[in-house]
């Protein structure tokens with residue numbers, strides 16, 4: 001009788017241990033970007049999710065239309081990761097797949113779809129230098145045109161008095177916009193007088209813009225303000 005009671009007590013103890021043990025769960029994948037089923041304009045698109053684990057997270061894998069990509073991972077704490085990936089996307093349908101794995105090998109995979117659709121917005125051009133009231137003396141004059149576009153610049157042409165001039169393209173830091181900002185820079189010798197500056201820009205999606213400005217170059221340093 002004693003042996004049976006001992007065995008029964010052992011079984012009860014095992015059951016109690018099983019009932020009180022924490023249940024291992026796979027990481028959660030929430031805060032999906034772009035939202036599932038949503039439509040976003042083509043161009044620079046932010047893709048991401050937040051991973052929440054019952055245990056410390058170990059790795060994350062991100063695929064876009066079945067192709068592995070390398071996201072940026074921001075660690076809030078060992079069980080909460082924020083994943084972000086930015087890509088220049090033409091119009092079309094996209095599938096995002098995220099797989100999160102914790103330190104015990106528990107993993108979860110989640111997929112969702114979104115569509116890049118909308119009108120291609122033409123680049124926005126602005127003459128940064130010289131400014132509207134700036135007057136350089138005859139000689140070497142710097143010219144900078146700011147370009148804000150949905151995609152990479154496919155073609156950038158700068159003309160002064162109808163003649164193309166050599167330029168350099170510089171990618172600028174983000175300024176709170178989802179568009180890419182670049183500067184078209186040129187340095188050239190100009191004589192005194194009025195000069196017409198023209199910029200023609202086409203982005204990788206075929207959207208184009210033209211900007212025209214007039215700058216004044218004076219004959220002497222005494223008349224200049226730059």
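Just so you know, all these numbers are worked out from the coordinates, no wet-lab data involved. All of these numbers come straight from a predicted model, not from anything done at the bench. Cβ coordinates were reconstructed from backbone atoms using ideal geometry, including for glycine residues, and neighbour counts include every protein chain displayed.
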Reviewing [x] 19.1; [y] 22.3; [z] 17.9, the figure for Kirkwood radius over Cα pairs in Å actually calculated from this model sits under [y]
Whole-Å distance linking the alpha carbon centroid of the range 155-222 with that of the range 29-56 is 37
Which value in Å does the Kirkwood hydrodynamic radius of the range 124-218 take, with 1/r averaged over all unlike C-alpha pairs and then inverted? 13.7
Calculate the FRET efficiency for residue 52 and residue 124 from the Cβ-Cβ distance with a Förster distance of 30 Å, rounded to the nearest 0.05. 0.15
I'd like the FRET efficiency for residue 103 and residue 187, computed as 1/(1 + (r/R0)^6) with the beta carbon distance as r and R0 of 35 Å, rounded to 0.05. 0.05
Residues of the range 28-46 with amide N under 16 Å of a point placed 7 Å along Cα→Cβ from residue 67: 43-46
Compute the semi-axes of the equivalent ellipsoid of the range 42-163, taking the square root of 5 times each eigenvalue of the Cα gyration tensor, and list them largest first in whole Å. 45, 19, 10
Please determine, in degrees from 0 to 90 and to the nearest 10, the orientation of helix 2-20 with respect to the longest principal axis defined by the Cα atoms of the chain, where the helix direction is its Cα long axis. 10
Fewest Cβ neighbours within 10 Å first, please rank 191, 102, 203, 113 accordingly. 191, 113, 102, 203
